[in-house]
Structures are given as C-alpha cells and as structure tokens.
Amino acid sequence: MKQYNDLLTYILEHGKKQDDRTGVGTISIFGYQTRFDLREGFPIVTTKRVPFRWVAEELFWFLSGSTDEAILASKGIDIWAEWADETHTSVFGRKPGDLGPIYGYQWRSFGGDYPERNGFDQIKALIEEIQQNPDSRRLIVSAWHPKQAREVTLPPCHTLFQFKVESRKILHCQLYQRSADAFLGVPFNISAYSLLTHLIAHVCDLEVGEFIHTFGDLHIYLNHIEQVKTVISREPLPLPKLEMVNAENLKGFEGLLKLRYENLKLVGYKSHDKVSAPVAV
C-alpha cells in the first residue's frame, strides 16, 4: 500500500524530534491527510503483515459497546493488555480489564454515567440517519468526551469520524485522529475504518467509496525508526478484496450488531513478513 510508505517517508523527511508522554520520544508532524478508494481494493498494509482478524475483532468489540479487555484476550488478542492491568486500572478505582469509558462506551453510550449504559447511542443514531436522511451533513460519531477523556489511561486517539452519502448510493468516511503511532497504530486504524465503512455500507444497502484519514499529531517513536526503514525499503503488493459472507439478511442497526468476523472474507491478502516493535505505554 503505497500511501502508507509515503506517510512514513514524509514523517522521516519533515518531522521534528519531540518529547512525549511515554518518555520514548518521537519524530512528529502535525497535520497530514491520505485517501483510499475502497473500490480499488481493501486498504491493508502489505509491506509488513497486519493481522486482519485482530483488526476486525477489535472493531466488533467497539461496536458492541464493550470496554472489557478480557473479551479480546479470550480471542487471543492482546493489543489492549498493557492498559488493562491493575497498575493502570486501579488509578481510576477499576478492576483489571476494565478500560473505562473508551471507544465502545463513547460510541454506544455517549454522555452516560460510566459504567451505566444510560448515554446516547451514536451508532444507532448514525444508521437511522443514513437510512432516513442520506443527504445529511451530520453523520458524525465522536469518541472524544472531554471530561471522560481524563478518566482513562489512554484517551481515544481516533477521535471523530464522519460519513457522507454521495448521490444516495456511495458511502464515504473521513476519520480525524488526534494522535497516531505511525508504525504500530496507523495500519490498524486504516484497515479498521475501511472495514467500518464496508460494514455500514452493507447494512444500509450502499456502495463503498473513499476512506479519508486526517491526522493531528502523527509520529514515529524513536525506537521504531529502524523498523520503519525496513518497511519503507519493501515494495508494496497488490491490495486484497473484502467480501461479505452469509450476510445478505443482516441489515440496519440490528444487522450491524449481528455481524461477526466469520461474515468477512479477505481475498488475496499477500504481504511481506511481520516487523515487530515495542509499544510505548
């Protein structure tokens, strides 16, 4: 996926060294945008291996409204483990595994009194608005609750997304991401929101269009630089296609909640080998 290699190259060439919360240090730029036409293939990085099942399961976890890390752990997915241990959760008076009012809670119960599910269901409202008023310019979901962002160890990084229905048949999505770990996080974010666009399009009987990814602070951690150079040196491979399987009758909001990883088929995904790097916590 050339856009990803271009993004990494741009940070290396134009970024400035900056201290950060983790103490690791970064090379950072502020303000960047990249676009992916979902009709030309499914956007997933090919210059290193990205575990698509993990991307999909995390997205379905968000959509369910869950903030329980144990659900992901039970599926062999450990991407939230660093923030779910007692050291991090006890700061907020929570048990291990309880991540607090992060993405799933904000998407499905915005403004609620965590852990009570008494807030506003943004995903339900989004689907209903697309179905009833596809010309709307208010097809927005926000994960950023200013008060509750102070009540979690890792406040939402991908903070707000907006959909647009073109000519009442083509669905586009734009994500604003306040903070982005270019090597570890961004490949997941690209594929997750591309997948979300496919899912929403499917349950609303629309075609997919573009995914536009807009960044605030986009950075490479200093201990990821050699890994980044390895990825940049590799030639991007053709993109795979995403197919929906046994999902013809899963429509609307209720259909969205019933979709599972088993309803997805990524056809023709080929990549270079995995490149590992430490997570900055």
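For Q106, the conditions (1) surrounded by fewer than 21 Cβ atoms within 10 Å (Cβ to Cβ); (2) under 17 Å from the mean Cα position of the chain (by Cα) are fulfilled apart from (1). The sole residue among A56, A70, A81 that is closer than 30 Å to E116 by Cβ and in contact with a Gly (Cβ under 9 Å, 6 or more places away or on another chain) is A70. Has region 185-203 got at least one residue that is over 23 Å from W83 (Cβ atoms), in contact with a Lys or Arg (Cβ under 8 Å, 6 or more places away or on another chain) and in contact (Cβ under 8 Å) with a residue 60 or more places away in the chain? Looking through region 185-203, at least one residue is over 23 Å from W83 (Cβ atoms), in contact with a Lys or Arg (Cβ under 8 Å, 6 or more places away or on another chain) and in contact (Cβ under 8 Å) with a residue 60 or more places away in the chain. Specify the residue that is surrounded by the fewest Cβ atoms within 10 Å (Cβ to Cβ); the eligible residues are those in region 226-281 that are in contact with a Lys or Arg (Cβ under 7 Å, 6 or more places away or on another chain) and not in a loop (DSSP other than H, G, I, E, B). Looking at residues that are in contact with a Lys or Arg (Cβ under 7 Å, 6 or more places away or on another chain) and not in a loop (DSSP other than H, G, I, E, B), I get V267.
Given the options D78, D68, D85, name the one that is out of contact with any Leu (no Cβ under 8 Å at 6 or more places or on another chain) and more than 20 Å from Y176 (Cβ to Cβ). Give the derivation first.
Details: D78 fails: out of contact with any Leu (no Cβ under 8 Å at 6 or more places or on another chain); D68 fails: out of contact with any Leu (no Cβ under 8 Å at 6 or more places or on another chain).
Just a single option satisfies the conditions, and that option is D85.
Which of the residues spanning region 148-178 are among the hydrophobic types (A, V, I, L, M, F, W, C) and closer than 18 Å to H198 by Cβ? Break it down into steps so the answer makes sense when it comes.
Within region 148-178, the subset among the hydrophobic types (A, V, I, L, M, F, W, C) is 149, 152, 154, 157, 160-161, 163, 165, 170-171, 173, 175.
Answer for region 148-178, where residues must be among the hydrophobic types (A, V, I, L, M, F, W, C) and closer than 18 Å to H198 by Cβ: F161, F163, V165, I170, L171, C173, L175.
Do we find a residue being hydroxyl-bearing (S, T, Y), modelled with pLDDT of 95 or more and out of contact with any Phe, Trp or Tyr (no Cβ under 6 Å at 6 or more places or on another chain) anywhere in region 211-225? Yes: region 211-225 contains one or more residues that are hydroxyl-bearing (S, T, Y), modelled with pLDDT of 95 or more and out of contact with any Phe, Trp or Tyr (no Cβ under 6 Å at 6 or more places or on another chain). Reported count of residues in region 223-281, each being of a type in the set (K, R) and either in contact with a Pro (Cβ under 9 Å, 6 or more places away or on another chain) or under 20 Å from Y4 (Cβ atoms) (or both), is 5. Residues in region 137-175 that are among the hydroxyl-bearing types (S, T, Y), more than 18 Å from Q33 (Cβ to Cβ) and at pLDDT 95 or above: S142, S167.
Comparison of L171, L160, L222, L175 shows that the only residue that is touching a Ser or Thr at 6+ places or on another chain (Cβ under 8 Å) and under 17 Å from Y10 (Cα atoms) is L222. One residue stands out in region 84-106 among those that are in a helix (DSSP H, G or I), touching a helix residue (DSSP H, G or I) at 6+ places or on another chain (Cβ under 9 Å) and of a type in the set (A, V, I, L, M, F, W, C): the one that is nearest to A56 (Cα to Cα), namely A84. Comparison of E129, E151 shows that the only residue that is surrounded by 16 or more Cβ atoms within 10 Å (Cβ to Cβ), over 27 Å from V279 (Cβ atoms) and out of contact with any strand residue (DSSP E or B) (no Cβ under 7 Å at 6 or more places or on another chain) is E129.
Please find, among R94, R108, the residue that is within 30 Å of P51 (Cα to Cα) and in contact (Cβ under 8 Å) with a residue 40 or more places away in the chain.
Checking each option against the conditions leaves just R108.
Residue by residue, here is whether (1) crowded, with 18+ Cβ neighbours inside 10 Å; (2) under 15 Å from the mean Cα position of the chain (by Cα); (3) modelled with pLDDT of 95 or more holds:
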| residue | (1), (2), (3) |
| --- | --- |
| T34 | yes, yes, yes |
| D37 | no, no, yes |
| R49 | no, no, yes |
| S64 | no, yes, yes |
| R117 | no, no, yes |
| A125 | no, no, yes |
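Would a scan of region 26-37 turn up a residue that is aromatic (F, W, Y), under 19 Å from P156 (Cα atoms) and in contact with a strand residue (DSSP E or B) (Cβ under 7 Å, 6 or more places away or on another chain)? Yes.
Taking R94, is it at pLDDT 95 or above and crowded, with 20+ Cβ neighbours inside 10 Å? Judged against the criteria, R94 is a match.
The values are calculated or read from the model by the stated rules, or taken from the named source; none is laboratory data. Since the structure is predicted, the reported quantities are computational estimates derived from the model, not experimental observations. When we count neighbours, we look across all protein chains shown, and the Cβ atoms used for this are built from the backbone with ideal geometry, even at glycine.
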